[in-house]
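Below you'll find the structure, written out as structure tokens, and then a few comments.
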Amino acid sequence: MAIGLPSINISFKELATTVKERSARGIIAMVLKDTKALGFNEIHEKEDIPADLSAENKDYINMALMGNVNAPNKVLVYVLGEEEEVQSSLDFLETKEFNYLCMPKAIEADKNVIKSWIIKLRDTDKVKVKAILGKVAGNHEGIINFTTEDTLVGTKKYSAEEFTSRIAGIIAGTPLSQSITYTKFGDVIDIPKSTKADAESKVNNGELILIKEAGAIRIARGINSLTDLTEEKGEMFQKIKIVDTLDIINNDIKKVIIDDYIGKIPNSYDNKCILIVAIKEYLEELEKEELIEAGSIIDIDIESQKQYLKSKNIDISNMKEQELREANTGSKVFLTSKIKMLDAMEDIDLSIEI
């Protein structure tokens with residue numbers, strides 16, 4: 001116990017101090033089809049791109065590497081044979097750590113498989129990854145639906161599916177302190193004409209689109225495809241920035257608990273308190289970095305403790321709150337947390353009277 005407990009605090013502190021750096025350089029997974037360089041390829045810079053890939057596939061990787069404020073951390077490229085099913089690449093990538101997935105030449109069948117896979121990973125397996133897909137009404141925070149067609153870069157026009165590699169690079173290269181709303185594309189020459197009403201309608205429909213604004217081609221608003229809001233998932237969950245922040249918090253806490261806590265620490269009340277303090281200190285560091293609002297709460301989930309004890313036929317009718325807190329919950333740890341998210345400035349109303 002003396003060895004295990006301090007490592008929890010150290011791990012959380014290390015993650016808290018590097019969260020901005022890590023969030024500014026996300027990891028992209030990309031699925032391609034080719035006849036060469038089949039299988040897995042890890043790309044950190046242009047020189048790592050396999051020489052025998054097609055010129056088109058090299059272009060997609062280079063687009064992702066462009067990033068935004070920063071370049072992405074790396075691009076994990078899985079190259080399928082021309083007749084291979086997309087699922088085989090997803091089965092492999094499930095063993096890798098990444099943040100955003102794209103497939104520039106995805107057909108409808110591929111997109112449906114990827115969409116279902118991402119939703120399963122997020123909702124069932126609690127693996128917080130996202131996909132950028134072309135023209136997919138995902139209605140989910142893990143699916144980013146890019147729909148702008150015929151994006152002109154130089155002399156080449158890119159379909160919505162093809163340009164997802166560039167969008168993946170933009171998102172992966174944007175720090176959590178910023179959103180991608182109004183991100184300017186210096187390389188894009190033109191996009192199809194669209195009225196403001198059309199653009200607003202698409203945004204409200206959960207579409208990530210490009211617009212012409214203030215003399216440049218820009219992202220209209222940094223949103224995912226979620227449109228059906230609930231009490232659990234309100235407007236905040238439509239923002240890419242907010243979901244990315246929640247995901248990195250989830251992944252960090254999950255990582256430390258798996259690496260330093262599960263199976264290593266006796267499940268006593270004192271040790272639960274140590275874990276709570278460690279998570280609280282991690283959240284406080286994120287508050288200092290203005291990634292979340294001050295006042296985060298992490299505590300023992302009393303209601304879940306009650307339900308657990310009842311399920312074990314333990315009479316809790318005369319138990320005081322502190323007794324409920326300290327109750328033996330076997331191998332179970334019930335915690336509850338409340339975090340207030342900080343968004344980036346996007347909507348500014350300015351009235352100047354003269």
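With an a/c value of 1.5 or above and a/b not larger than b/c for the gyration tensor axes a ≥ b ≥ c computed over the alpha-carbon atoms, segment 39-105 is described as oblate.
In the chain, the DSSP beta bridges split such that about 50 percent are antiparallel, to the nearest 5. For the cross-link pairs 157/288; 58/212; 241/306; 20/58; 157/239, the ones whose C-alpha atoms lie over 32 Å apart are 157/288; 241/306. Considering only 27, 265, 209, the Gaussian network model of the chain with Cα springs below 10 Å gives its largest mean-square fluctuation to 265. For segment 123-146 versus segment 6-46, the spacing of their alpha-carbon centroids is 19 Å. Between helix 4-23 and the chain there is an angle of about 20 degrees, using the helix long axis and the longest principal axis of the Cα atoms.
Sparsely packed loop sites in segment 114-180 (the trypsin sites (Lys or Arg not before Pro) outside DSSP H, G, I, E and B with at most 13 other Cβ atoms within 10 Å) comprise 126.
In order along segment 268-275, the phi-based Karplus estimate (6.51 cos²θ - 1.76 cosθ + 1.60, θ = phi - 60°) of 3J(HN,Hα) comes to 8, 4, 4, 6, 4, 5, 5, 5 Hz; Gly and Pro are listed as x.
In plain terms, the bigger the Kirkwood radius, the slower the diffusion; for segment 245-310, with that radius from Cα pairs, at 4 °C and 1.567 mPa s, Stokes-Einstein puts D at 97 µm²/s.
Any read-out appearing in this document is the output of simple, stated calculations on the displayed coordinates, not a laboratory observation. Since the structure is predicted, the reported quantities are computational estimates derived from the model, not experimental observations. All Cβ positions, even for glycine, are placed from backbone atoms using ideal geometry, and neighbour counts span all protein chains on display.
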